[in-house]
Each structure stands twice: as structure tokens, then as C-alpha cells.
């Protein structure tokens, strides 16, 4: 397996000019196209490492998780996205690093742990892949490994509407309201492994249902 390297050239707690510029552009676009709303961003710690664990509805999700936050977010991206010279440079500059899907990529796990040890906010999708029908699938235990190895808090996040806007079998998105909500951090050190996984999944599902209810109220 090839070695994965990440350039730690920026403060993980401060948004670079590139990050701020793209964040402003993306916030404008998701607001115009999807009537985007974010709830309880104050639940994401402003200092120190944290794992942001969200359900996974569409290609839009990494942007949706990060676009309303006041700190940069690191994330895993499929290794093939780094093959293009410009796009690979761009997403690396935005704190992305490659992962070989389905290959037990130990190098990627080690890099994720290293990023957390350096104080990054790291976005993960514990379902492992995008939903095929809009439902939330059982969570994989990679998020548990990262939390146990680093001891950092895990913020559960729910996204609603992104599946309707851009399901995995659709080639292009369509306008549809998208909302994101951030839950209170979960401390992996205060529970056993199964309790942690059950608590995280239960909270993501609860938050998602809260968004569904909010959307129903807005449409009344």
C-alpha cells in the first residue's frame, strides 16, 4: 500500500483565505439552490480536535457539513479524486486526504488519527457510503476506532433533503430544501464500545427525525 501524506501547512482552527472564499461561495449557492438552513452549529467545539459524524445522503454532504461552521473541516475523499493535478491540489488545500474505499486502508486510518491528534475537526460518514433509498443504515465501527484511539468528542450530525436533491443514481442535482442539524458532543470515554455506537446511531436518527418534523412544519 502506498504511503499517504498530508500537508499540515495551515492552522487547523483557522480558515484560510481559500477556505473562506469557497465557503462564502458555497453558502450562497446552497442557500439559493436548496434554501439551506443549519441548526445548532454552536454544538461544534471551536477549539480542539473533534469528529463530525453525519448520515450520508449525497455528493453534497461534505460541503453541507462544513459550510456553516467557523472552523475548517478535514475529510476523507475517494483516492481517484486526487488523480487530477489541479483538483487534487485544491481538495488537499481544503484538508482532504485520500482513502481507498473497501480496502481496509490502514494508511488512511493512521492519517485520520494524525489529523485529530493535531487538532483538526474531521468529517466522517459512519454508514460508509451514500444511502440508496434515503434511510439511515447501521453505522460501521471505524468511527469508534478513531474516537477510541484519540479520545476526542464526536458530534452527531443529521442531513435532510440532500437525498431528494441529489440521489446517488441521479446525474445532476435538482432544487430541494436541505437542512443540517448538529447534536451535542458524545464522549466515547464515558461508555463502552457498544453503548457508544448505539448512542451515536440513535442520536443521528433522532436528529434526522427532528429535521423531518421541521420541514413538515415549514410546508404547512
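Counting alpha carbon pairs within less than 8 Å and at least 6 residues apart, what relative contact order, in whole percent, applies to segment 131-184?
36
Given the C-alpha centroids of segment 127-154 and segment 169-211, what is the distance between them in whole angstrom?
9
To make sure I understand, if each residue's beta carbon is the centre and we count other beta carbons within 10 Å, what order do 184, 171, 149 fall in, fewest to most?
By the 10 Å Cβ count, ascending: 171, 184, 149.
For a footprinting-style exposure proxy, rank 137, 83 by other Cβ within 10 Å, fewest first.
83, 137
Given the DSSP H assignment, sum -39500 (n - 2.57) over each helix run of at least 4 residues in the chain and divide by its residue total; what's the result at 222 nm in deg cm²/dmol, nearest 500? Show your work: numbers first, answer last.
Values: 7 runs with 85 residues, N = 220.
Result for the chain, helices only: -12000 deg cm²/dmol.
Suppose a student asked you for the relative contact order of the chain, using Cα pairs under 8 Å spaced at least 6 residues apart; what percent would you report?
This gives 27 percent for the chain.
Test of understanding: ordering 182, 176, 80 by Cβ neighbours within 10 Å, fewest first, what list do you get?
Ordered by Cβ neighbours within 10 Å, fewest first: 80, 176, 182.
All of the numbers you see were taken from the coordinates with simple rules; none came from a lab. Keep in mind that this is a model prediction, so the values were computed, not measured. In this analysis, Cβ positions are derived from the backbone assuming ideal geometry, glycine residues included, and neighbour counts consider all displayed protein chains.
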